[in-house]
1. Net charge within 15 Å of Ile106 by Cβ-Cβ distance, Lys/Arg positive one each and Asp/Glu negative one each, not counting Ile106 itself?
2. For region 103-166, what does the alpha-carbon gyration tensor say about shape, rounded, prolate or oblate, given a ≥ b ≥ c as the root eigenvalues, a/c under 1.5 as rounded, and a/b over b/c as prolate?
3. All other residues with a Cβ under 11 Å from the Cβ of Phe165 taken together, and with Lys, Arg as +1 and Asp, Glu as -1, what is their net charge?
4. Classify the chain: rounded, prolate or oblate, from the alpha-carbon gyration tensor (a ≥ b ≥ c, eigenvalue square roots; a/c under 1.5 rounded; otherwise prolate if a/b is larger than b/c)?
5. If you put +1 on each Lys and Arg Cβ and -1 on each Asp and Glu Cβ, how big is the dipole of the chain around its Cα centre, in Debye rounded to 20?
6. Extending each Cα 7 Å along its Cβ direction at Lys76 and Ser115, get the distance between those two points in nm, one decimal.
7. Cα centroids of region 47-91 and region 195-258: how far apart, whole angstrom?
8. Report the number of Lys pairs in region 1-108 whose alpha-carbons are under 22 Å apart, with separation of 8 or more residues or on distinct chains.
Amino acid sequence: MNDDYVIVVDKVTKVYQSERGPVHALDRFSMKVKEGDFVAIVGPSGCGKTTLLWGLTGLHPFTSGKAYILGEEVGKPKREVGIIFQQANLLPWRTLIQNIYFPLEIMKENVDNYSERIEDLIESVELTGFEEHYPRELSGGMQQRASIVRALSYDPKILLMDEPFGALDAYTRDEMDTLILKIWKKTKKTIAFVTHRIEEAVYLANRVYVMTPRPGTNSAVFDIDLPRPRPEGITMERKFFEIVAEIKRTIVRDVEKQKKEGKYQSQAYSTIT
Ligand SMILES: Nc1ncnc2c1ncn2[C@@H]1O[C@H](COP(=O)(O)OP(=O)(O)OP(=O)(O)O)[C@@H](O)[C@H]1O
Ligand SMILES: [Mg+2]
């Protein structure tokens, strides 16, 4: 195994056993992520993106294949890995700050050792002054920003993000994209980011992995040759559109191919927006 890579996914397959029979979700998907990379994983709904991230957390093991994080085979959940999901999943009976402390409490860490770091993070996501608010008193975007702080509180090296801004309105989503790039630049995390929004993937990532429709396997990899930091207005530029269009064409081609072969099992075509 190559030490340059902090995430190595080597031909992972996942077959769920459900009451309605086996569901072949992932098929020999492979990926390599270098330290400090921002990788996006895109593909039609149901192609196995969430399955891949769950597999990497160690919570839902793959059926076959291997995955390594920081050189170690994925087994039980690791503290070097932070996870951010589509829903902020804040506990309603805890205040914002109590929610942020929650994983530290679970890990039996002394919260005081982290308070300064957390204060800085809260400031960087512009939540200062809201520490004592309950989730119901916060907007969706604020809750998601709190979940980012919670994931970063114990300083994981790697962030796995599963459509983290999917439930937010378009404006807030753009703001969150800008925020996550700021955090990435400042903290130098390695990020694997799942989304079905191709524009978001191209804006954020330096590499985009495209998955085929279910069972998700490697379709294509795009290295995104756009300047960093992303200049203002880059999403309106021709080059940006061309990359987005090429990725969309790839996905449409994969769907058409499966349909022609009578293998297509997903209703996800329309979600490629
Ligand atoms: N626990 C489970 N039991 C049975 N089948 C499952 C389970 N979890 C997921 N699946 C199936 O596995 C396939 C992949 O699901 P997954 O959630 O990984 O897709 P996804 O790419 O994240 O989709 P989306 O873009 O809609 O979030 C789907 O067909 C789904 O129905
Ligand atoms: Mg998903």
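Every read-out reported here was derived from the displayed coordinates using simple, explicitly stated rules and does not represent laboratory data. From a predicted model like this one, the values you see are computed outputs, not experimental measurements. FYI the Cβ positions are ideal-geometry reconstructions off the backbone, even for glycines, and counts take in every protein chain you see.
1. It works out to a net charge of +4.
2. In terms of gyration-tensor shape, oblate.
3. -4
4. Here the chain falls in the prolate category.
5. That gives a dipole near 1140 debye.
6. 3.0
7. That distance is 23 Å.
8. Close lysine pairs found across region 1-108: 26.
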